[in-house]
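Colleague: Starting off with a structure, shown below.
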Amino acid sequence: MFDYIFFDLDGTLTDPALGITNSFIHALKYFGIEIPSYEKLCSFIGPPLPETFKTQFGFSEEKASEGVKKYREYFAEKGLLENSVYPGIPELLAELKNKGKKLVVATSKPEEYSVRIIEHFGLSKYFENICGSKMDETRSKKDEVIAYAIERNNISDKSKILMVGDRKHDILGAKKVGIKSCGVLFGYGSLEELNAAGADFIAENVSQLTNICVF
C-alpha cells in the first residue's frame, strides 16, 4: 500500500530527551526563567523551537530567536548526541528497506543536525535522504518539511506515502499535505493527542509499526 515511509526523528527514531531538556535548561537559565519539571520539559519535544518559546514562555518573535540561539549553544556541542535509538528501530528500518520501501526522514529539526544524528547512529544507509528545517528556522512547520520531502524525492502519487511520528504536529502536517499518517505511542505524544489530530493508524510499539508499514 505504501511505497514511501516518512519518519519523524525525535520521539520516533530516537529518544532525544536528555539532550533536548538540557538544551532548554541552558537557554532558560540565561533568561533567568525558573526551570520547569522534567516532565514539562519533555513535553517540548516535537514542536518547532520558536513556537515553544513563544507559547510556553510568552517570548516575542525576536526573543524567541534569541532563545533558539541559546538553546543551540548547548545542543550543537553536547545535546545533539545526548540521544539514543529506540530498541527495534534498526531492525524495522532494515526490514522495510529489504521489502523495497523507500525511507525518508522528515523532521522539524534542522537538517544539518538531523544528518549528524542519523550518521552517528549508523542509520543513514537505510534512508533515501534526510529532510529537515533550515538553520534560520524556515521550513520548520511539519507540512512544509513534508512538502519539501515529497519534492526532493520526486513523488507524484501522495497516496503511496505514510508519515510516521509521535506528536500531533506530524499528524496535522500529513493531513495538510494530503498523505496518510501513523502515530506512535513509544515517543512523547499521547493516544488522546494523536487521535484528536486524526491519525489514520496508531502503533503502540515497533512491532505494530512494522505491520502497518509493510501493509
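Colleague: On C-alpha positions alone, give me the angle between the axis of helix 61-77 and the longest principal axis of the chain, in degrees, nearest 10.
Modeller: With rounding to tens, the tilt is 70 degrees.
Colleague: Now for a different question. Normalising by the residue count of the chain, find the relative contact order in percent from Cα pairs under 8 Å and 6+ residues apart.
Modeller: 26
Colleague: When the gyration tensor of the chain is built from Cα positions, what are the square roots of 5 times its three eigenvalues, in whole Å, from largest to smallest?
Modeller: Gyration-tensor ellipsoid for the chain: 28, 17, 17 Å.
Colleague: Here is a further query. Which angle between 0 and 90 degrees, to the nearest 10, do you get for helix 111-120 versus the longest principal axis of the chain when only C-alpha atoms count?
Modeller: So the helix axis and the longest Cα principal axis differ by about 70 degrees.
Colleague: Looking at the chain, identify the longest residue range that excludes and avoids all GluC sites (Glu not before Pro) in DSSP loops having at most 13 other Cβ atoms within 10 Å.
Modeller: Counting at most 13 other Cβ atoms within 10 Å as exposed, the longest clean stretch of the chain is 35-203.
Colleague: Could you tell me the convex hull volume per residue, in Å³, taken over the Cα atoms of segment 17-81?
Modeller: 72
Colleague: Continuing with this model, one more query. Give the cross-link partners of LYS168 among the lysines, using a straight C-alpha distance below 24 Å as the criterion and excluding same-chain residues fewer than 8 apart.
Modeller: LYS40, LYS54, LYS102, LYS109, LYS134, LYS141, LYS142, LYS158, LYS160, LYS176, LYS180
Colleague: Relative to the longest principal axis of the chain, what angle (0 to 90°, nearest 10) does the C-alpha long axis of helix 168-177 take?
Modeller: Taking the Cα atoms of the chain, the angle to 168-177 is about 60 degrees.
Colleague: Related question: State the Cα centre-to-centre distance between segment 26-52 and segment 71-99 in whole Å.
Modeller: 21
Every read-out reported here was derived from the displayed coordinates using simple, explicitly stated rules and does not represent laboratory data. Note that the coordinates shown come from a computational prediction; the quantities given were computed from them, not determined experimentally. Backbone-built Cβ (ideal geometry, glycine too); neighbour counts: all protein chains shown.
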